[in-house]
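Have a look at the structure below, then the notes.
Just so you know, all these numbers are worked out from the coordinates, no wet-lab data involved. None of these values were measured; they are calculated from a predicted model. Every residue, glycine among them, receives a Cβ derived from its backbone with ideal geometry; neighbour counts consider all protein chains shown.
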Amino acid sequence: MGTFIKKLNKIFHVNDEKCKKCKGVCNAIRFRQDFRNWTSNNKTIDKFIRNSQLSDCYTNNALEWIPHNRFYDISYIVKDEFRANWIDGCIDNWDNENQNWKREHQNMFISLKKLSDSKSIELKLNEIIEGHILSYGITQDPKTKHYMVVLDDICDKCNYVCNMILYQRDFKNWTSGNNDIDKFIQDSQHGNIINVLEWIPFNRFYNISYIEKDKLRANWIDGYINNWDIDNRNLKRKDQNMFIILKGLGDIKNITLELNEINKVHHKFYGVTQDPETKYYMVVLGDICEKCNHVCNMIRYQQDFKNWTSGNNDIDKFIQDSQHGNIINVLEWIPYNRFYNISYIEKDKLRANWIDGYINNWDVDNRNLKRKDQNMFIILKGLGDLKNITLELNEINKVHHKLYGVTQDPETKYYMVVLDDICEKCNHVCNMIRYQRDFKNWTSGNNNIDKLIQDSQLSDCYTNNALEWILYNRFYDINNIEEDKFRANWVDGRIYKWSFSDQNWIRKDQNTFVIMKNSNNLSNITLEFNEIAIYYKVYGITQDPETKNYMMVWNDKLCKKCETECYAIHFLQDFNNWTSGNNDIDKFIQDSQLSKHTDYEIKNVLEWIPYNRFYDIRYIKKDKFRANWIDGFIYNWDKDNKNWKRKNQIMFVILKSLSDSKNIKLQLNEINKVHHKFYGVTQDPETKYYMVVLGDICEKCNHVCNMIRYQQDFKNWTSGNNDIDKFIQDSQHGNIINVLEWIPYNRFYNISYIEKDKLRANWIDGYINNWDVDNRNLKRKDQNMFIILKGLGDLKNITLELNEINKVHHKLYGVTQDPETKYYMVVLDDICEKCNHVCNMIRYQRDFKNWTSGNNDIDKFIQDSQHGNIINVLEWIPYNRFCDIEYIAKGGFGKVYKANWIDGCIDNRDDVNQNWKRKNQNMFVALKILHNSKNVTSEFMNEIASHYKVNLGINIIRLYGLSQDPVTKNYIMVMDYAKNGSLRNYLNKNYNKLNWNYKLGYLQYLAFGLEHIHKNDLIHRDLHSGNVLVLSYAKITDLGLCKPADYTASENTKNNVYGILPYVAPEILRGQSYTKASDVYSIGILMYEIISGLPPYHDKNHNEDLAIKICKGLRPRFNINVPQSIVYLNKRCLDADPLNRPTIEEIKVIMNQWRYGPNEELQRQIKVAEEINNNLPTDIPSTNLGISYETHSGAIYKSRLLNYYSLPEPKNSDDYYKQNDNIISKEFSDSLQINISQLEIDDNNISE
């Protein structure tokens, strides 16, 4: 079977070979795997290529063996050198997907250089490759058997693929048939690409036309060379179909000299061509102006001379001569069919529209003339004497403002100049000219009327007040006012000014009222017009198509006061459209309307208001009603729609009856004086009572205040209890923000019980914040806000109770009623009773209903934590919010896993989205699963609470919350993840890279962490290297978690000791209570562990025997030399008497001094210790940066029950403080081992 697999591997090239240099499958390995697939049949060449391929792990520039059939278009260059195209192109990179080489520059040009001496082939290869920038490989000509190096085809001068090389590659594709010309062109192609010459086939020219001897003009299809197109590997060209000059070459014998002369003199020399019929060679030159050396406008016009003629040499010359100057002032020959709407003005003078418009500029992109004012008006003026036509044209050009060109009527054969159509008075296209142009489009049918209108239109160049002929169908609503006089609306309105963009008249006052009066004396129409014009603004004349009567049209009444068509006039024009049926009322309203001339005055105008424009009319008190007015009041005139603009549609108004119809005028005057806002008068069609329409405003402030708005809404609600209604209504007299309201119970949702007579709910609408003027409604804020519903007890004293609540509570929004229980409830804001705000505690409380751990103690613990700082709150975290859960380690009473927390921890409050902001999404956390915690005890929860109290300590592992394994039901502590694991794990891997500064640093971190615990009146009780985790620095974890989660203390078990024996203080082993001093003892053991790198008592059985020895004074001994100051502090921490141990505050001060203060003595001791340690052999084996040691099979480093009885009184060794070289002396340690052994022997003898 194994042989079969090996064969398969061989067939399919399965190769696990890895590079010895880079330990991976690199390019060198890929080249090596291909060695069997090729050979040059020359060992030296094969070796040379292979060495280049194995020289670098990541090279893409290695040589390769290239079969000769991968080249095409092989052409001779010089001795032993050829140019060719390489089909495949060079190696670019490795294609992992297709397991092959990616290549680039397919069909690229390369140079093939022959290897001459095959005996010294390696030397020759080195010379060629060293002298060349890029070498691709080696090939062999199968016919000649010559080996050739494949090189990049670059320029010898600049070492690049320059323009010279690009042109050289093309030499084989053309020839002029003349060696001198070929050489001249090829030599030019060594320079700047823009100035090179080229051989241009004659069939690339068209429209070839004679200019003068040996000179032709033509269009060049391709245009000149501009650049190199890298993508398409071709020349880029510019100005396709450009004009060029073809100039014949005279003396073929001296052709090089002639070409050089042309190149010096001429501004632009593109190349050489040959006429295939005459065989004449010609240079191809730029068609430029001899004066300015550019393709100027004169040249452009010359290029067009062949396309037109007037048929008259003098005219042609005159036009062509004009085309030598500024493009704006040139003349042109204009075909007669480019004019339309040709109309007679006077002898030899016509007006017409010119389709194309005049020349304005040159369009570089489209290579054509740009034109302006298409369809413009022009004047065609006949030319008289053809014999003196040049003189006549010159005279016209001098005198006339603008001469555009010459044309010819194809029927009469008359020549005409084309002039601009301007006013002879002002030399502009003025209003007078615009009116003239329109004369042909209208007639009144009466010469006198036509003359009157035309004379008014020609009276002033800039008048906008001329008369006009107005078609009768432009009027509507024509009403007879008096004999021969009518009032009507004019659809179009009067002429205002000229629109240059639309080339038409802008009009004003559309649908305006006008007066139309029959004209009885047509023979004296001018006189009649003059008489009317004294008093009125006359717009024009029209004719009734039925009666055939001509009518003057003038403006309707002008106000005598303001001399314009003001508001009073608009009201006056409407008087015949309404009546109250009472003359006094009509006069009172009309007088009010005729007094309103300005915007300010219009605000107080009265009007007759039909009763059907009101709705929701309801009784308030005697003679007084409240209603909604559909239309709202007048506030301005709409000039476009010729109507009144109105405001506050559907507004509330008061309808107040007028009592005494006999003294109605007096009564109206009184109301007008007293009332703030008086809109008009109406009449109830049933009772026939007249009523004034007044603003529904507050009698106190004379405005539509909030009190009024609430009053307007009283009809829409009731609580069903008069006292409650009155209490709410009374509150609505004040500030809108503090008003109460009746809130229907169905506006609440998510109603949940809190305590007796108290519920929490969400209020859909939110509270009243302001008044919305535009929508005439209340603005509300905080939709779906949380509120408290508090039951009202005694309905008899409900007003008193409501007053008490309103005084005491921060915010009372209103009252509601449960439709089922019929209980009334006040609606209060859901705020914190401590801080009177919606604080984080309240926000967490609101969420209590959305989660439970399933354990009351845990729920209470989490909820209690949510009363504090937002950063330090705990939360219940559903297990499905963790992903990528991975086992790390097993502790004394639980397993630890690493996981990603999808949501991340709470960071702040998002007030906009009413949710918690979170940070560090997908953060790593440690999941500490507590064994047998399904029935976790309250005592154990107290221990977790201890951890929480110091949760924000910088050297304490943070607890984020609790979760539960859905399968085992065990509870989980979610904590900071320490990437470096426990201190013990960290020392195992990194001890040998820790210098004294690092060691003291870790001890300082531990001191900070334990100080934070002790300051909060807590004791850790289980401090060991497994409960110190290393992130970027050391952090303490698992306060008091050395017992099982289901542990319940009883009278018999209260003194049970749980922990890891080497770290437990001797007094604790004897059953005494934990103290801060017992934590300091654990710090002392950790101090030993960090400095030595070894677990305490790793070589001993962790049994009762060790416990006895510890009580008798056994302490771990350093296996290295340690500075005496450090030893002394370590000894104090491990003193058998707790009272002699330093406090953690004292330790922290010492550590700070050692690390940051003056510490010359300690540094001296460290230097001495290092010298001794460096010279002494160590018994600590190391692995890289870590440490290796053997652990006794009975050494247990997990928390467990440590119940030992009859342990001796703790004591120090007799020489404990007499020497400071180590924690205890070797003599004492050895004697203790003997004594304990002797005790065991004695015990055995006694038992026997």
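A few points about this structure:
- Note on segment 567-695: the alpha carbon radius of gyration divided by the globular reference 2.2 N^0.38 Å gives 1.01.
- What you get for the chain, charging only the Cβ of Lys and Arg (+1) and of Asp and Glu (-1), is a dipole of about 900 debye around the Cα centre.
- 3J(HN,Hα) along segment 546-557: 8, 7, 6, 6, 7, 9, 6, 10, 9, 6, 5, 3 Hz, from the Karplus curve 6.51 cos²θ - 1.76 cosθ + 1.60 with θ = phi - 60°, whole Hz, x for Gly and Pro.
- With 5 Å bins from 0: P(r) over segment 898-991, alpha-carbon pairs, percent: 3, 11, 16, 20, 19, 16, 10, 3, 1, 1, 0
- Efficiency of FRET from Cβ geometry, TYR1189 and LEU134, R₀ 60 Å, rounded to 0.05: 0.50
- Coil-residue trypsin sites (Lys or Arg not before Pro) of segment 778-848, DSSP, other Cβ within 10 Å capped at 14: LYS796, LYS822, LYS834
- Here's the picture: a label point sits 7 Å out from the Cα of ASN721 along the beta-carbon direction, and within segment 759-784 the residues with their amide nitrogen under 19 Å of it are 759-760.
- 21 Å Cα-Cα threshold exceeded, pairs from LYS497/LYS603; LYS834/LYS919; LYS979/LYS1131; LYS673/LYS700: LYS497/LYS603; LYS834/LYS919; LYS979/LYS1131
- Residues in segment 421-430 carry Karplus couplings, in order, of 8, 10, 6, 6, 7, 10, 6, 9, 7, 9 Hz; the curve used is 6.51 cos²θ - 1.76 cosθ + 1.60 with θ = phi - 60°, and Gly or Pro positions show x.
- Gain in span if fully extended, HIS190 to ASN995, counting 0.36 nm per residue against the direct Cα distance: 282.9 nm
- Of all DSSP-defined beta bridges confined to the chain, some 95% are antiparallel rather than parallel.
- Paramagnetic reach from ASP438 in segment 507-538 [backbone N under 11 Å; point 7 Å along Cα→Cβ]: 507
- Near GLY223, the amide H atoms lying under 5 Å from its own belong to ASN241, MET242; only residues 5 or more places off or on other chains count, and H is placed 1.01 Å from N.
- Loop-resident sites, segment 797-904, for chymotrypsin sites (Phe, Trp or Tyr not before Pro), counting at most 11 other Cβ within 10 Å (DSSP): none
- Selection from LEU216, TRP228, VAL196, by position along the positive dipole direction of segment 163-286 (Cβ): TRP228
- Computed over segment 477-600, the P(r) tail beyond 23 angstrom holds 45 percent of alpha carbon pairs.
- Charge dipole (debye, nearest 20) of segment 840-976; +1 at Cβ of Lys and Arg, -1 at Cβ of Asp and Glu: 80 debye
- Computed from the C-beta positions of ASN908 and LEU795, the FRET efficiency with R₀ = 41 Å rounds to 0.35.
- Placing unit charges on the Cβ atoms of the charged side chains and taking the dipole of the chain about its Cα centre, the candidate lying farthest along the positive direction among VAL514, ASN643, PHE82 is PHE82.
- Extreme residue, positive dipole direction of segment 431-555, given options SER523, ALA533, MET432 (C-beta unit charges): MET432
- Close amide H partners of ARG909, meaning residues 5 or more places away or on another chain with modelled amide H under 5 Å apart, are LYS917.
- All-pairs alpha carbon distance profile, the chain, 20 Å steps from 0, percent: 7, 15, 15, 18, 24, 16, 4, 0, 0
- For the pair LYS587 and LYS860, label points projected 7 Å from Cα toward Cβ lie 9.1 nm apart.
- When LYS700, LYS624 are sorted by how many other C-beta atoms sit within 10 angstrom of their C-beta, beginning with the fewest, the order is LYS700, LYS624.
- For segment 1096-1136, the residues whose amide N sits under 13 Å from a probe point set 7 Å from the Cα of SER1231 along the beta carbon direction are 1113-1114.
- GluC sites (Glu not before Pro) restricted to segment 823-931 and DSSP loop, no more than 10 other C-beta within 10 Å: GLU833
- Sites GLN1163 and TYR1128 - FRET efficiency at Förster radius 25 Å, r taken between beta-carbons, to 0.05: 0.95
- Taken one residue at a time, the phi angles of segment 1083-1095 give Karplus couplings (6.51, -1.76, 1.60, θ = phi - 60°) of 4, x, 5, 5, 4, 4, 5, 5, 6, 8, x, 10, x Hz. Gly and Pro are set to x.
- The gain in end-to-end length when the ASN159 to ASN337 segment is fully stretched comes to 57.7 nm, 0.36 nm per residue minus the alpha carbon separation.
- For MET923, the residues whose modelled amide H falls within less than 5 Å of its own, excluding neighbours fewer than 5 places apart on the same chain, are TRP901, GLY904.
- Cross-link pairs beyond the 31 Å C-alpha cut-off, checked among LYS890/LYS1226; LYS849/LYS1076; LYS20/LYS993; LYS781/LYS949; LYS1076/LYS1218: LYS890/LYS1226; LYS849/LYS1076; LYS781/LYS949
- Multiplying the residue separation of LYS834 and LYS349 by 0.36 nm and subtracting their alpha-carbon distance yields 164.6 nm.
- Computed from label points 7 Å out along Cα-Cβ, the spacing between LYS47 and LYS662 is 14.5 nm.
- Sorted on the mean count of surrounding Cβ atoms within 10 Å across their residues, most packed first, peptides 758-767, 363-372, 150-159 read 758-767, 150-159, 363-372.
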